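What follows is a set of notes on a single structure, which appears directly below.
The values are calculated or read from the model by the stated rules, or taken from the named source; none is laboratory data. On a predicted model such as this, the values are computed, not experimentally measured, just so you know. When we count neighbours, we look across all protein chains shown, and the Cβ atoms used for this are built from the backbone with ideal geometry, even at glycine. We work out accessible area using only protein heavy atoms, side chains counted, and drop any ligands, DNA or RNA first. Shrake-Rupley method; radii C 1.70, N 1.55, O 1.52, S 1.80 Å.
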Amino acid sequence: NYIKSKIKPLKNMNEDDLFIFDDDNLLLKRIANVYVCKKESFSVKNNLAICYLKDDLIYYKNESILDVKTLKLNGIHNYKNIMASIIILKHLNIESDKISMIKQFESLQHRLEFFKTSNYPSTVFINDSKSTSPYALYEAVNLVKSKYNNKEIILLVGGKKEDVNYSLFDKVNNLVYKVYAFGEIASLIKYANMRFKNLSVLINYLKNSKLSNKVILFSPGAPSLDEFKNYEERGEYFKNSFIYKTI
């Protein structure tokens, strides 16, 4: 039903309309073949797409537009959103140098928000409280691993238990140094090095640990409602537990 509702607009498109889609999504590629509108795709894997990522550069029709290393928005999901936007901007005849202003865009709070604290100057803290599903956690770990491959990553996961597939939690185990689990789902995290009753107990443990030259990734992978009103409150609690400065 979700897919049917999403493709309804395509049924009303004609040959002059433009369908922009993710070339890395097999289902969307199949759907695109059905309709007779104009089509332009973006991809982080396929250099044959109209807009693609190669060697940290985003290209549109083989023209280099942006270096992702200069972006404040991190993550493959952000790169894909940017590529979709570039296609739109190009069709609006916006010049490439103006498109590069995307470099100034910053992420919203609680979405892979990087900060440091004076108590641990060599350690990077990442507040990703918006991560409320195993998939979001998986994406966050892969991004942080690619960015800080030379540091030990401590992953903090936990929250309210839901009827979802937690197998993605197991796949990140080999990508991080340690996994600390808290809250309702702590008992479900098979490879957790330590389990804590709640986030408060976990943070107290961290504050009394040796954290030099580490990356602390707070990407819960579950809803916050077992302890907090929402993910924003959870993220603020995590940040305010330390004296932090956003980086």
Amide H neighbours of LYS54 under 5 Å, at least 5 residues apart or on other chains, H built in the peptide plane: list them.
-> TYR59
With all protein chains present and a 1.4 Å probe, how do LEU27, LEU71 order by accessible area, largest first?
-> LEU27, LEU71
Specify the residue with the greatest mean-square fluctuation among TYR59, TYR35, TYR148, computed from a Gaussian network of the chain linking alpha-carbon atoms under 10 Å apart.
-> TYR35
Based on DSSP H runs of at least 4 residues, each adding -39500 (n - 2.57), what is the mean residue ellipticity at 222 nm of the chain after dividing by all its residues, to the nearest 500 deg cm²/dmol?
-> -8500 deg cm²/dmol
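Once you've got the Cα coordinates, tell me which of LYS197/LYS239; LYS103/LYS190; LYS39/LYS160; LYS39/LYS171; LYS116/LYS160; LYS54/LYS190 are over 30 Å apart.
Working: LYS197/LYS239 19 Å; LYS103/LYS190 39 Å; LYS39/LYS160 41 Å; LYS39/LYS171 35 Å; LYS116/LYS160 27 Å; LYS54/LYS190 36 Å.
As for pairs spanning more than 30 Å Cα to Cα, those are LYS103/LYS190; LYS39/LYS160; LYS39/LYS171; LYS54/LYS190.
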So how do 155-161, 117-123 stack up, highest first, on mean other-Cβ count within 10 Å?
-> 155-161, 117-123
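Could you report region 165-247's accessible area per residue, 1.4 Å probe, as an integer in Å²? Numbers along the way, then the final one.
Working: 4310 Å² over 83 residues.
About 52 Å² of surface per residue is accessible.
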Amide hydrogen neighbours beyond the local backbone of ASN198, cut-off 5 Å, H modeled = GLY183
Relative to the longest principal axis of the C-alpha atoms of the chain, give the angle of the C-alpha long axis of helix 231-240, reported between 0 and 90° and rounded to the nearest 10°.
-> 50 degrees
Would you mind computing, in nm to one decimal, how far apart the modelled labels at ASN240 and LEU108 are, each placed 7 Å from Cα along Cα→Cβ?
-> 2.0 nm
Under-5 Å amide H pairs with LEU66, H placed in peptide plane, nonlocal only | ILE58
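Divide, for region 74-127, the radius of gyration over alpha carbons by 2.2 N^0.38 Å, where N is the residue count.
Details: Rg = 15.5 Å, N = 54, 2.2 N^0.38 = 10.0 Å.
Working it through for region 74-127, the quotient is 1.55.
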What does region 1-115 give for Rg and for Dmax, in Å, if only its C-alpha atoms count?
-> 15.2, 48
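Just subtract the alpha-carbon distance of HIS77 and LEU57 from 0.36 nm times their residue separation and send over the number in nm, one decimal.
Working: separation 20, 0.36 × 20 = 7.20 nm, distance 1.51 nm.
Length difference between fully extended and current span is 5.7 nm.
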Can you give the Kirkwood hydrodynamic radius of the chain from its Cα pairs, in Å with one decimal?
-> 19.9 Å
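Can you work out the FRET efficiency for the pair LYS98 and LEU18, with r the C-beta to C-beta distance and R0 = 22 Å, to the nearest 0.05? List each step's numbers first, then the result.
Numbers: r = 20 Å, r/R0 = 0.92.
Approximately 0.60, to the nearest 0.05.
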Karplus-derived 3J(HN,Hα), 6.51/-1.76/1.60, for each residue of region 90-96, Hz, glycine and proline x = 5, 6, 8, 6, 7, 6, 4
Protein accessible area in region 104-247, 1.4 Å probe - carbon and sulfur % | 48 percent
Give me the aspartates and glutamates in straight-line cross-link reach of LYS161: C-alpha distance below 19 Å, same-chain residues under 8 apart excluded.
-> ASP128, ASP170, GLU184, ASP226, GLU227, GLU232, GLU233
